[in-house]
Amino acid sequence: MNTHAKGARREREFELILKERGFKTFKPTWSRFNKNKDMFNTFDIMGINKDKLVFVQVKSNKCPASVIRKIKKFKVPINVEKWVAIKPDRKDWIEERIY
């Protein structure tokens, strides 16, 4: 399976989950001039509602420790949350807030 296509599908799925929860979402588009489409080279999706702003890194199956360390290093204000959303094959989403 094409891992780029699988990752893009997982990002779209989680973006819909956020929208169902009342978030407005933003996901940068990929271009051939910018190979890394992640926000701040770390996050795939940004969601905002009336209470908070969230940055989300979406992964399939597992999240490497190096990614968790990178997210932990990223400083945000108190009303901003950092999440990792993992979708294991044939299982439900796992969502984890990173402090």
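The values are calculated or read from the model by the stated rules, or taken from the named source; none is laboratory data. Since we're looking at a predicted model, the values are computed, not measured. FYI the Cβ positions are ideal-geometry reconstructions off the backbone, even for glycines, and counts take in every protein chain you see.
How do the pairs read when you match residues in the stretch 1-25 that are at positive phi with residues anywhere that are at pLDDT 95 or above, using Cβ under 7 Å and keeping only pairs 6 or more apart or on different chains?
Filtered contacts from the stretch 1-25: Gly22/Asn49.
Mind counting the residues in the stretch 57-89 that are closer than 23 Å to Leu16 by Cα and loosely packed, with under 14 Cβ neighbours inside 10 Å?
Number of matching residues: 5.
Which of (1) surrounded by fewer than 18 Cβ atoms within 10 Å (Cβ to Cβ); (2) farther than 12 Å from Glu11 by Cα; (3) in contact with a Gly (Cβ under 7 Å, 6 or more places away or on another chain) is the odd one out, the single condition Val54 does not satisfy?
Of (1) surrounded by fewer than 18 Cβ atoms within 10 Å (Cβ to Cβ); (2) farther than 12 Å from Glu11 by Cα; (3) in contact with a Gly (Cβ under 7 Å, 6 or more places away or on another chain), only one is false for Val54: (1).
So how many residues does the stretch 70-83 have that are over 20 Å from Gly7 (Cβ atoms) and part of a helix (DSSP H, G or I)?
Matching residues across the stretch 70-83 total 2.
So Lys27 clears everything in (1) under 17 Å from Arg97 (Cβ atoms); (2) surrounded by 12 or more Cβ atoms within 10 Å (Cβ to Cβ) except one condition, right? Which one?
Here Lys27 meets the rest and fails (1).
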